[in-house]
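Everything on this sheet refers to the single structure shown next.
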Amino acid sequence: MIIYGIGGKKLLTEQLTEKCPQCSSDNSLEITIAARYFHLFWIPFFPIGKKSAVYCQKCGFVSEIPFSEQISAKSTELESGLRAPAYLFTGLVLTLLVIVFFVFRCIEKNKRTDKYFHSPKVGDIYENKNFDIYYSLLR
C-alpha cells in the first residue's frame, strides 16, 4: 500500500488592518500563507504551490478567497516574497541519492568483473552468462 497525498506547511502569518466581513471588528483579521507539497509515505517530495487564507480571531471566520482587493493585493505581495523551504525537496534528494548509489555500485561491480576476467588466478573457475541463454565457463 502506497501512502501519498498533499500536505501543507505554514510559512507566514501577518496581522491585517481590514474589518471582518462577518463581525465587523477592526484589526482582528490575519492572513496566513502556506506552502503545499506532494508527499509519499509522509516524506515531502516537492512543493506544488502556495495558498493563502484569512482568519478572524474574534468570530472564527475563515476565507481562502480574498474578499477585498486590498487583501488580494497583500496576499499576492506576501506570496511573491516567500520561497518554499528546502526540506520540501527531501524526497527528491533521497531518490537521487539512491539512484546515484546504485549506479556507482553497478560501475564498481563491472570493474571487479573486468579485473577478475583480465587477471585470472590458477584454479579459478569463472561462469559468464551472455544474454539469456548462453553460458560459458573459464578455467
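The values are calculated or read from the model by the stated rules, or taken from the named source; none is laboratory data. All of these numbers come straight from a predicted model, not from anything done at the bench. FYI the Cβ positions are ideal-geometry reconstructions off the backbone, even for glycines, and counts take in every protein chain you see. SASA here: full protein model, heavy atoms, side chains in, ligands and nucleic acids out. Shrake-Rupley method; radii C 1.70, N 1.55, O 1.52, S 1.80 Å.
Remarks
- Identity of the residue in the stretch 2-33, surrounded by 13 or more Cβ atoms within 10 Å (Cβ to Cβ) and of a type in the set (Lys, Arg), that ends up nearest to Ser63 (Cα to Cα): Lys19
- Qualifying residue in the stretch 65-88 (condition: assigned to a helix (DSSP H, G or I), in contact with a Phe, Trp or Tyr (Cβ under 6 Å, 6 or more places away or on another chain) and not basic (Lys, Arg)): yes
- From the list Val62, Val103, Val54, the lone residue that is among the aliphatic types (A, V, I, L, M) and either more than 27 Å from the chain's Cα centre (by Cα) or within 23 Å of Gly5 (Cα to Cα) (or both) is Val62.
- The set of residues in the stretch 43-73 that are open to solvent by less than 60 Å² (accessible area, probe 1.4 Å), without any contact (Cβ under 8 Å) to a residue 40 or more places away in the chain and closer than 30 Å to Leu96 by Cβ contains only Gly49.
- Residue within the stretch 91-112 that is of a type in the set (S, T, N, Q), modelled with pLDDT of 90 or more, part of a helix (DSSP H, G or I) and surrounded by 10 or more Cβ atoms within 10 Å (Cβ to Cβ) present: yes
- Subset of the stretch 17-60 (residues that are β-branched (Val, Ile, Thr) and out of contact with any Pro (no Cβ under 9 Å at 6 or more places or on another chain)): Thr17, Thr32, Ile33, Ile43, Ile48
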